[in-house]
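Written below as structure tokens is the structure these notes are about.
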Amino acid sequence: MERIRNWRLLRLFVFIMVPVIVGLYLRFDDLAVWHSKKSSFYYKDRPLFTSYDAFYFARWSEDYLKGKYEAGKMDPLRFVPDNYIVSKLSDSEIKKLKAYKAVYPDPIPLESFMGAIFSKLFNTHIENVAVYLTPILAVLFIFPLVIYMDEIGAPVAGFSGAMFGVISLMYLARTTIARFDTDSLNLFFPFLIAYFFHKILHSEGNRKYVFAVLAGFSCYLFNWWYAHPDLVLIMFFVFILGLFITKRKVSREDLKLIGVLALFSSPVVLWHGISSLINRVNTYILEFGKTATNVGFPNVMQSISEAQRASLKMIIFTSTGNALIFFIGFVFIFVFFLKNWRQTLFLLPTFFLGLMAFKSGNRFVMYLAPFIGMGFGYAFDFVLDIFSGKQVKIDKFSISNGFIKELLLIGLGCIITILSLISQSEAVKFVAVPKITPSLEGAFLRLRNITPEDAWIWTWWDYGTAIQYLSRRAVYHDGQSQLSPKTYFVATTFSASSPKIAYNTINGISNVGVTYIDKWLKEGQTPESIRDKFFKGVFNSKLKHPVYWLFTEDEIGKFAWINYFGTWNFDLKKGIKDTINPVGICFIPSKNRVVCGGITIDLKTGIIKARGTAVLNKIGVNIDGKYKEFSYDPEGRYYFDLVKTEGKLLGFIMDQQPFYSMFNQMYILRNYDSNYFKLIYDDFPTMVVYKVLNKQ
């Protein structure tokens, strides 16, 4: 028996270490590419972050190190001017107005805290910490998962879940080097908590209370890490449900266990989980997929790539990479739950989170992948159990023999390892790509020098947290506040054809924000009437802070969605989703003739030839900072931009509405109204910055 036990421990060690090593290797092998092409992946000695949220957590790490982090107090760089407005309101007023509170979280997010500690310990940039921290944390879920499954008699399920989970393309992409995002522990904590719940129900004496303390403290740490008290609340209720179902009659001791769990989870966390759960259901279920929010403004969620509902093909591709493995795993995970429901009940919240990939966003595939892997592995456990129960013999050795069974399990582990690596060939080849270019990171750092310290930056939300971190400047919205009506008003300035309307909107939002919009709507005002007041300058006043309008290179690709929201028709519940299409580098082979890729333009006649022939309406030209406009056919559909930058001639083609938008006029063509704006920085296409003039 002792020898068999040793073989089991050896096999368990192998089942843990193989997926850990594979998971770490697939993440850290990206460094070879990064080091060979430093000019694309580094800004000087700083690796570039591979997620937008990384800037969010990194800035708080930096504030903590510099002694600027004030837990629970207003964050001066987020969601201006509403952060100032809300800071003067009582909690009851904030709740009544449904106002967004831009404050420093209390306590500091665990990821930011860890980043600060390791940055100080190793005397390095937070980016360098993220390169190593995220991949290491990402493989930790393997430990509780494999141990849990082994203890309930499903060792292959545990190993298979670990292998497919750790190398699934979705999870790999969300836990790469330099990611510095919460996904790296978002499998670890749910599996760890479920394991501790299981141990509470299957332990005797004081060991129950030890595991109750560990489970509660893990719940507390999970909320500190992810700031989703609703998930902790759901897990707490599932544990209570598990007690009732498995025991049918709850004893006084069980009530004590619930009390211990609640105490160490934090009653405050559980209480906040109620409102958090309501908001989560509203965002990801009730309003998900709708074009407009319940107050009439466009729903920005429809433009966020990770929040889009994934097709079945995409779910398969990013979870297992193979349809046959996926469907076998999907069927057998239900078999697994049905046959082992008492032991697996506490895994259901995480499993249901994974199933949301079919409804509410492709990001949930990372939660689904380990369960598909577990189902696939359980198919082998299922067959092995049948053979063991029938005392099937192979070459005089019974499968029920412990030694032979451990050898078979290791053999099955080898097969699953090979299958997972073959089926996930795209994950094996995957290389992490930064969310920011070296040139743009440098431009954001220079923004500190060209704007005063109390400046507010008006721009699209994606790089809001990057500006807070790199430029140390306040922004109107960012990746944590983009669902408010303010995003709609920012979009209108990009799509507007009138400099005055754009100016009035920026000025009005800078003075009154969007805090009182819910109140105005309840008073009978419509979204259109509120918008029109901003457009007409009803809220205009002297700007209390210097305001700068910033355009960046990524916004060309995002313009279709920005324009869609900015041209929103409240009756039709849709906008104009027209694009500005780059056609590449252009050259002039002869007088009055321009060639851009497969497009040829006669500058004299305005005739444009590609697959067919048409006559342009207008061409806007910016050569060395000088703007000219050439008109051709008033009935022509197409408009064209020719812009010279860094010695290159770039071309863009579009329809009428995008051509006259402030985005095209001010950013691409640098054609602006000096009555409202002043160009202060021009490094097109990387970044263009205007100062918003303080008109009375």
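The values are calculated or read from the model by the stated rules, or taken from the named source; none is laboratory data. On a predicted model such as this, the values are computed, not experimentally measured, just so you know. In this analysis, Cβ positions are derived from the backbone assuming ideal geometry, glycine residues included, and neighbour counts consider all displayed protein chains. These accessible areas exclude ligands, DNA and RNA; they are computed on the full protein's heavy atoms, side chains included. Shrake-Rupley method; radii C 1.70, N 1.55, O 1.52, S 1.80 Å.
Could you grab me the full set of residues in the range 127-153 that are part of a loop (DSSP other than H, G, I, E, B) and crowded, with 20+ Cβ neighbours inside 10 Å?
Within the range 127-153, Val139, Phe141 meet the criteria.
Checking Gly513 against (1) surrounded by 19 or more Cβ atoms within 10 Å (Cβ to Cβ); (2) under 18 Å from Tyr672 (Cβ atoms), which test does it fail?
The single condition Gly513 does not satisfy is (2).
Could you check the range 648-696 for strands (runs of 3 or more DSSP E) lying wholly inside it with 3 or more residues that are touching a helix residue (DSSP H, G or I) at 6+ places or on another chain (Cβ under 9 Å) and aliphatic (A, V, I, L, M)?
Once the strands (runs of 3 or more DSSP E) in the range 648-696 are filtered for at least 3 residues that are touching a helix residue (DSSP H, G or I) at 6+ places or on another chain (Cβ under 9 Å) and aliphatic (A, V, I, L, M), what remains is 687-692.
Can you tell which of Lys574, Lys542 is in contact (Cβ under 8 Å) with a residue 12 or more places away in the chain, more than 23 Å from Ile450 (Cα to Cα) and among the basic types (Lys, Arg)? Talk me through it step by step, then tell me what you get.
Details: Lys542 fails: more than 23 Å from Ile450 (Cα to Cα).
Among Lys574, Lys542, only Lys574 is in contact (Cβ under 8 Å) with a residue 12 or more places away in the chain, more than 23 Å from Ile450 (Cα to Cα) and among the basic types (Lys, Arg).
Yes/no matrix, rows are residues, columns are (1) modelled with pLDDT of 95 or more; (2) of a type in the set (Lys, Arg); (3) in contact with a Gly (Cβ under 9 Å, 6 or more places away or on another chain):
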{"residue": "Ile325", "(1), (2), (3)": "yes, no, yes"}
{"residue": "Thr344", "(1), (2), (3)": "yes, no, no"}
{"residue": "Gly354", "(1), (2), (3)": "yes, no, no"}
{"residue": "Tyr367", "(1), (2), (3)": "yes, no, yes"}
{"residue": "Ile372", "(1), (2), (3)": "yes, no, yes"}
{"residue": "Phe382", "(1), (2), (3)": "no, no, no"}
{"residue": "Gly402", "(1), (2), (3)": "no, no, no"}
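Within the bounds of the range 491-510, is there any residue that is in a helix (DSSP H, G or I) and free of Cβ contacts under 8 Å to residues at least 24 places away in the same chain?
no
Restrict the check to the range 180-203 and report whether at least one residue is surrounded by 18 or more Cβ atoms within 10 Å (Cβ to Cβ), in a helix (DSSP H, G or I), acidic (Asp, Glu) and under 20 Å from the mean Cα position of the chain (by Cα).
Yes, that holds for at least one residue.
Quick one: is Glu426 modelled with pLDDT of 80 or more and buried (at least 18 other Cβ atoms within 10 Å of the Cβ)?
no
Could you please give the count of residues in the range 429-454 that are in a helix (DSSP H, G or I), open to solvent by less than 20 Å² (accessible area, probe 1.4 Å) and among the small types (Gly, Ala, Ser)?
2
Could you please find all residues in the range 73-126 being part of a loop (DSSP other than H, G, I, E, B), on the phi < 0 side of the Ramachandran plot, open to solvent by less than 10 Å² (accessible area, probe 1.4 Å) and touching a residue at least 60 places away in the same chain (Cβ under 8 Å)?
Arg78, Val80, Pro81, Ala102 - these are the residues of the range 73-126 that are part of a loop (DSSP other than H, G, I, E, B), on the phi < 0 side of the Ramachandran plot, open to solvent by less than 10 Å² (accessible area, probe 1.4 Å) and touching a residue at least 60 places away in the same chain (Cβ under 8 Å).
Listed here are the residues, each with its yes/no results for (1) among the polar types (S, T, N, Q); (2) open to solvent by 10 Å² or more (accessible area, probe 1.4 Å).
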position	(1), (2)
His477	no, no
Leu521	no, yes
Phe534	no, no
Asn540	yes, yes
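For Phe41, only one of the following conditions fails: (1) surrounded by 15 or more Cβ atoms within 10 Å (Cβ to Cβ); (2) at positive phi. What is its number?
(2)
Restricting attention to the range 116-157, which residues are over 20 Å from Leu187 (Cα atoms) and not hydrophobic (A, V, I, L, M, F, W, C)? Walk me through how you get there before you give the answer.
At the first step, the residues of the range 116-157 found to be over 20 Å from Leu187 (Cα atoms) are 116-129, 153.
The answer is Ser119, Lys120, Asn123, Thr124, His125, Glu127, Asn128, Gly153.
With the checklist (1) in contact with a helix residue (DSSP H, G or I) (Cβ under 8 Å, 6 or more places away or on another chain); (2) closer than 20 Å to Asp682 by Cα in hand, flag the one item Ala455 doesn't pass.
Here Ala455 clears every test but (1).
Hey, among the residues in the range 251-289 that are modelled with pLDDT of 85 or more and not in a helix (DSSP H, G or I), which one's nearest to the chain's Cα centre (by Cα)?
Ranking the candidates gives Ser266 first.
Results for (1) at pLDDT below 95; (2) open to solvent by 60 Å² or more (accessible area, probe 1.4 Å), shown as yes or no for each residue.
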{"position": "Leu9", "(1), (2)": "yes, yes"}
{"position": "Ile21", "(1), (2)": "no, yes"}
{"position": "Ala32", "(1), (2)": "no, yes"}
{"position": "Ser36", "(1), (2)": "no, yes"}
{"position": "Ser61", "(1), (2)": "no, no"}
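Look at the range 608-626 and say how many of its residues are open to solvent by 60 Å² or more (accessible area, probe 1.4 Å), over 29 Å from Val688 (Cβ atoms) and in a strand (DSSP E or B).
2
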